[in-house]
1. With r as the distance between the Cβ atoms of residue A:37 and residue B:387 and R0 = 35 Å, compute the FRET efficiency 1/(1 + (r/R0)^6) and round to 0.05.
2. Taking the Cβ-Cβ separation of residue B:47 and residue B:163 as r and a Förster radius of 30 Å, what is the calculated FRET efficiency to the nearest 0.05?
3. Compute the length gained on full extension between residue B:308 and residue B:72: take 0.36 nm times their separation in residues and subtract their Cα-Cα distance, giving the result in nm to one decimal.
4. As a check on your grasp of the helix formula, calculate [θ] at 222 nm for the protein assembly as shown: sum -39500 (n - 2.57) over DSSP H runs of n ≥ 4, divide by the residue count, round to the nearest 500.
5. May I ask for the distance between the Cα centers of segment A:46-66 and segment B:1-73, given as a whole number of Å?
6. By how many degrees, between 0 and 90 and to the nearest 10, does the Cα long axis of helix B:130-145 differ from the longest principal axis of chain B?
7. Between 0 and 90 degrees, rounded to the nearest ten: what's the tilt of helix B:22-32 against the longest Cα principal axis of chain B?
8. How compact is segment A:9-54 by the rule of thumb for globular proteins, expressed as Cα Rg over 2.2 N^0.38 Å?
Ligand code: SF4
Ligand code: SF4
């Protein structure tokens, strides 16, 4: 099922009413949201740098048929 | 910049023989259900000990088990002390990294660990080695109750006023154990022509107290904020990154929005360098690398200023790593020094790993931006014989400015 989302200062957020039944939202200010976005971009960029310079070989025909 | 991110339901204590709060149990299930264990692979304690009970996953799962009636609270006696409160797990956890900003629900391991140490202590269940930690708390409390002159004796001869729009906050660790750090900070600011003051009586801030007696710690926090306000502070410069994390992440929880800006010393000094107010007159011809303090890099997302300062040092050859790679490391002290006191052997192994890594990148000096890192690495260097010198970045800035510290 598609989430109901809102767009807020450059990122998507679930509509808060969806978070009132089972799991509740915690106290979190915009700086904390910005920090998560910063950490995420840093981590993904770093991960990309680890892998982007090489190409993983696929299976050989023999391996596939074995 | 205040970073607020916490769960109200952590305030309900977990008590022996009583049902665990439903919210807490569901929250622990969120971590249990993930099982990616990204938290585990880079947890400095897990890397040394290989025990999954001592990871974010383990801490949450253990509590979940307790909430389902499996086990007893006293079995957790020695579990939560294994956390350095470095924050790696909570930022790398998919619950935070890939869903936290969307759902406004994150993994908050550091807070959970502090809460559980507190809850266990309140019921007389203290980890082995707690006496050492209690001794530190008592010493620091004695400083707080002692004469004002002792608290500012590190600043003797510096002629600093006890008021000002810009105030430098110096914690007890810096004031008593690593005086060279606040002295370097004060001399740098003075040489750059910054008018600033210090508190006549700063109150206790240590993390060991925070996770043992929250009320006493919060009481001191309120007094610090009040005293800084009364001194006329519009900007407060913090010299210890542990305290910086408390000021921007914890204080606003208890005292509301702070009536002044909080700036970490490396950011302040970096701005002065960029503005040309700090001028270097001497080269520092060394091969250096930099250790990001967990409290700055992981807990506060602050990593740029030390890198820019190092890049500006004349003559210095720097091999500086990506801050993400540094999420893996801790000096071994922990954001609350309880870890180092209760688990000196694990602490030492974590320190050795970091020093060896600094050696591997070919550095002769390991620059740090935290007094606890400096002390921890100095001890590890002596014990291990690994030939790399831990030096505080402010001492090098002062050196290049031609200042004697
Ligand atoms: S905060 Fe650090 S030491 Fe503690 S569990 Fe997380 S990664 Fe491990
Ligand atoms: S703490 Fe996060 S990464 Fe680790 S197992 Fe849990 S949910 Fe996964």
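Laboratory data are not the source of any read-out in this text; all were calculated from the coordinates shown. This one's a predicted model, so the numbers in the text were calculated from it and none came from an experiment. Glycine also receives a Cβ, built like all others from the backbone with ideal geometry; neighbour counts cover every protein chain displayed.
1. Values: r = 41 Å, r/R0 = 1.16.
Plugging the Cβ-Cβ distance into 1/(1 + (r/R0)^6) gives 0.30.
2. Values: r = 47 Å, r/R0 = 1.56.
With a Förster radius of 30 Å, E is 0.05.
3. Working: separation 236, 0.36 × 236 = 84.96 nm, distance 5.00 nm.
Contour length minus the Cα-Cα distance gives 80.0 nm.
4. The helix-only estimate for the protein assembly as shown comes to -13000 deg cm²/dmol at 222 nm.
5. 36
6. That helix lies at roughly 50 degrees to the long axis.
7. 70
8. The reported ratio for this selection is 1.60.
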